[in-house]
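What follows is a single structure, written as structure tokens, with notes after it.
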Amino acid sequence: MQRRDLLKAGALGLAAPALALGQGTKTLKFVPQADLALLDPVQTTGLVTRNHGLMVFDTLYGLDAQFQPQPQMVAGHQITDDGKTWTLTLRDKLSFHDGTPVLARDAVASVERWAKVDAFGQLMRAQLDELSAPTDKTLRFRFKKPFPLLATGLAKSSGICPIMPARLAATEPSKQVTEMVGSGPFRFVAGERVPGSRAVYQKFTGYVPREGAASFMAGGKVVNLDRVEWHTIPDAATAAAALQSGEVDWWEQPIPDLMPILRDHRDLTVQVHDKSGSMAMIRFNQLNAPFDNPAVRRALLGGIVQSDFMLAAMGEDKSRWRDKVGFFLPGTPLATDVGMDALTGARSLDKVKKDLAAAGYKGEKIVMLVPTDFAVLNAMSEVAGDYFRKVGLNLDYQSLDWGTVLQRLASKQPIDKGGWSLFCNFVPGAITTSPPLHTYLRGIGAKGTFGWPESARHEALLDSFFSAATPAEQQKLARDMQLQAFQDVPYIPTGQMLQPAAYSKKVSGIPDGFPLFYNVRKA
């Protein structure tokens, strides 16, 4: 019997999680895409940690629904000295969850910690002459030359810059902050966390929303819920049964073969809220052979069929995915077809094998990290693993849990000391709309995002992008960046995913974008 046939009988015979019914209209129970394995959003670009971070912490700026930065914790800013000095003024009545006021020195310390490890932050830091707090309410950024994208970087939706008390921000980025004290709309209830199973958040009654309507990560974040519980349910059938029976309210990433059952359920809504979706990829570790060789990386492009990855991850409904996708988000001003023949031309496994041999691949072991408890990544990994075996890679396919994968990805060690070679991943589509935000294209080596590609040419193009005066200049630079990316291959694009969420019809007000819990109501 197939899983969907079993579910047609409702939750009959399924071992649904022991979640209390009758939970009330002020408690929302949510099933995330994977377990909350790491708490500190500075330490990882993992999206589960990002979603957690945006509940607990606030940010100085937030992206609106058009991906434009808007003031969030700041009341506003002034740009002087021919664009080289930014002075930010904090909003009134900002306070942390421990009852202390948010001061400019807390924000400065938080930005400094984030900027040590974030790719955009490092770019910003390299241009800074001064970052200071002249008063309790003002931050001053003084740059060597005009830096017009400061607000954009501080607002970005992946690798967020979370503002925390200075005492916590003093923690080195290499060490995880585990005391979750922010100024965001929800408090993290540490005493109720069960790793691998549950995370709990309560409404922060001291949070003062800014005026105006909410728009994605910006605007008035009004909290209508007293409590949000995240329940990790790796088995999709169990998660679906819990949703149908009302034991949970919202499932972030239902899998494709269960979607028809959920759509047909009279008490459930299935809808795409993140209109920019996610950009899927195979990410290489360029510190270890053989993927320290760009010719080996390029050789693998010739057999990739993006639709195979999308069918596995998102199913046959083409409204939920796009193939023939490059390095920038489809439908946005910088998206381009240049160089796409590398992914859309004739496919040949035999040619890939010959190109690998010509590139010098000598059978080195390839360690592939696969989170089997993360449905979308597991599905894409199965396609990738099959492809790599067919073209003759010596594949060590390691099936792990998501928490272990996150920890392993941080390792820069060689293969024989616990290092890794590649993994399947996806990133928010929003960060691939603009080169300064697109951390996975950056070529800054060991200082960058895991995978650590190095490309002096990309970095030179990015520097030119900052001073581009017109959209036409930016578009030309983006075309040059994509052509360079097909030479460097920091990753292989495998498609764009438009993931529906499934939730009870008692739930309303879910903002567009990834899971955000302010403005959400439960009847």
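The values are calculated or read from the model by the stated rules, or taken from the named source; none is laboratory data. Given the structure is predicted, the values throughout are model-derived calculations rather than measurements. Every residue, glycine as well, gets a Cβ built from its backbone with ideal geometry; the counts of neighbours run over all protein chains shown. Keep in mind that these areas ignore ligands, DNA and RNA; they rest on the heavy atoms of the full protein, side chains included. Shrake-Rupley method; radii C 1.70, N 1.55, O 1.52, S 1.80 Å.
Numerical summary
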quantity: Pair list, Cβ under 8 Å, 6 or more apart: the stretch 76-96 residue touching a residue at least 12 places away in the same chain (Cβ under 8 Å), other residue open to solvent by less than 30 Å² (accessible area, probe 1.4 Å) and among the hydroxyl-bearing types (Ser, Thr, Tyr); calculated: THR87/THR138; LEU88/THR138; THR89/THR138; LEU90/THR138; LEU94/SER183; SER95/SER183; PHE96/SER183
quantity: Selected residue (only one of PHE486, PHE450 is closer than 22 Å to VAL405 by Cα, open to solvent by 10 Å² or more (accessible area, probe 1.4 Å) and either over 23 Å from the mean Cα position of the chain (by Cα) or in contact (Cβ under 8 Å) with a residue 12 or more places away in the chain (or both)); calculated: PHE450
quantity: ALA357 being outside any helix (DSSP H, G or I) and without any contact (Cβ under 8 Å) to a residue 40 or more places away in the chain; calculated: no
quantity: Filtered residues of the stretch 499-513 (kept if at pLDDT 95 or above, small (Gly, Ala, Ser) and open to solvent by less than 40 Å² (accessible area, probe 1.4 Å)); calculated: ALA501, ALA502, SER504
quantity: Qualifying position, being more than 17 Å from PHE374 (Cβ to Cβ), assigned to a loop (DSSP other than H, G, I, E, B) and in contact with a Lys or Arg (Cβ under 7 Å, 6 or more places away or on another chain), among GLY246, GLY206, GLY220; calculated: GLY220
quantity: Exclusive hit being among the charged types (D, E, K, R) and in contact (Cβ under 8 Å) with a residue 60 or more places away in the chain, set GLU211, GLU192, GLU179, GLU247; calculated: GLU247
quantity: Members of the stretch 151-176 found to be part of a loop (DSSP other than H, G, I, E, B), buried (at least 21 other Cβ atoms within 10 Å of the Cβ) and modelled with pLDDT of 95 or more, listed by number; calculated: ILE160, CYS161, PRO162, ILE163, MET164, PRO165
quantity: Restricting the stretch 197-206 to residues that are hydroxyl-bearing (Ser, Thr, Tyr) and out of contact with any Phe, Trp or Tyr (no Cβ under 8 Å at 6 or more places or on another chain), the residue that is least open to solvent (accessible area, probe 1.4 Å); calculated: SER197
quantity: Unique residue being touching a strand residue (DSSP E or B) at 6+ places or on another chain (Cβ under 7 Å), at pLDDT 95 or above and buried (at least 19 other Cβ atoms within 10 Å of the Cβ) when the list is LEU287, LEU334, LEU300, LEU356; calculated: LEU300
quantity: Considering residues of the stretch 256-284 that are crowded, with 21+ Cβ neighbours inside 10 Å and β-branched (Val, Ile, Thr) only, the residue nearest to ASP350 (Cα to Cα); calculated: ILE282
quantity: Complete set of residues in the stretch 414-436 that are surrounded by fewer than 16 Cβ atoms within 10 Å (Cβ to Cβ) and in contact with a Leu (Cβ under 9 Å, 6 or more places away or on another chain); calculated: PRO414, GLY419
quantity: Residue match in the stretch 507-517 (condition: part of a strand (DSSP E or B) and touching a residue at least 24 places away in the same chain (Cβ under 8 Å)); calculated: yes
quantity: Selection count, the stretch 396-455, where residues are closer than 18 Å to VAL367 by Cα, outside any helix (DSSP H, G or I) and not small (Gly, Ala, Ser); calculated: 16
quantity: Those residues of the stretch 490-517 which are aromatic (Phe, Trp, Tyr) and in contact with a strand residue (DSSP E or B) (Cβ under 6 Å, 6 or more places away or on another chain), in sequence order; calculated: TYR491, TYR503, PHE517
quantity: Qualifying positions in the stretch 177-196 - in contact with a His (Cβ under 8 Å, 6 or more places away or on another chain) and open to solvent by 50 Å² or more (accessible area, probe 1.4 Å); calculated: ARG187
quantity: Whichever residue in the stretch 389-413 is open to solvent by less than 10 Å² (accessible area, probe 1.4 Å) and within 23 Å of the chain's Cα centre (by Cα) and, among such residues, is nearest to ALA472 (Cα to Cα); calculated: LEU409
quantity: Matching residues, the stretch 453-481, being under 30 Å from ARG408 (Cβ atoms) and crowded, with 17+ Cβ neighbours inside 10 Å; calculated: PRO453, GLU454, SER455, HIS458, LEU462, MET481
quantity: Residue check for ALA126: within 23 Å of PHE67 (Cβ to Cβ), out of contact with any helix residue (DSSP H, G or I) (no Cβ under 6 Å at 6 or more places or on another chain) and outside any strand (DSSP E or B); calculated: no
quantity: Pair list, Cβ under 7 Å, 6 or more apart: the stretch 26-38 residue among the acidic types (Asp, Glu), other residue open to solvent by 10 Å² or more (accessible area, probe 1.4 Å); calculated: ASP35/GLY196; ASP35/THR232; ASP35/TRP402; ASP35/GLY403
quantity: VAL111 vs. criteria within 23 Å of GLY212 (Cβ to Cβ), open to solvent by less than 10 Å² (accessible area, probe 1.4 Å) and not polar (S, T, N, Q); calculated: no
quantity: Failed item, numbered, when ALA295 is tested on (1) in contact with a Gly (Cβ under 8 Å, 6 or more places away or on another chain); (2) touching a residue at least 12 places away in the same chain (Cβ under 8 Å); (3) within 28 Å of GLN475 (Cβ to Cβ); calculated: (3)
quantity: Those residues of the stretch 314-330 which are touching a strand residue (DSSP E or B) at 6+ places or on another chain (Cβ under 6 Å) and assigned to a helix (DSSP H, G or I), in sequence order; calculated: MET314
quantity: Some residue of the stretch 32-50 being among the acidic types (Asp, Glu), at pLDDT 95 or above and under 28 Å from PHE141 (Cβ atoms); calculated: yes
